[in-house]
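Colleague: Here it is, the structure, as structure tokens.
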Amino acid sequence: MTIISSKEFAINQEKIYTMALNERVFIKRGKNIFYLACANLDDEATDLADAKAAESDKNINVDDYLNSIYERAKCISK
């Protein structure tokens, strides 16, 4: 886990993005901290397709659906 300033992020974006592929990166700006996450494009396409299907299915609980996305995101970040 690495915490960097927003100024450092602005100056060294390529380095920080590469770092985010292998570890958790947090960007601190004032009182806020942002988490830089890497998502595979295939995973995003799957999430979008799932969201579209869930939108039209009245039997899906929104909280359960959001929790499943959160769980998948945790697996990706490991």
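Laboratory data are not the source of any read-out in this text; all were calculated from the coordinates shown. Worth saying up front: this structure is predicted, and the values here are computed from it rather than measured. Because the Cβ atoms are built from the backbone with ideal geometry, glycine has one as well, and the counts that use them run over all protein chains shown.
Colleague: Which ordering of Leu66, Leu36, Leu21 is given by a fewest-first count of other beta-carbon atoms within 10 Å? Spell out each step's value before the answer.
Modeller: Values: Leu66 11, Leu36 16, Leu21 8.
The order, fewest Cβ neighbours first, is Leu21, Leu66, Leu36.
Colleague: Arranged by the count of other C-beta atoms within 10 angstrom, fewest first, what order do Phe9, Phe34 take?
Modeller: So the ranking, lowest neighbour count to highest, is Phe34, Phe9.
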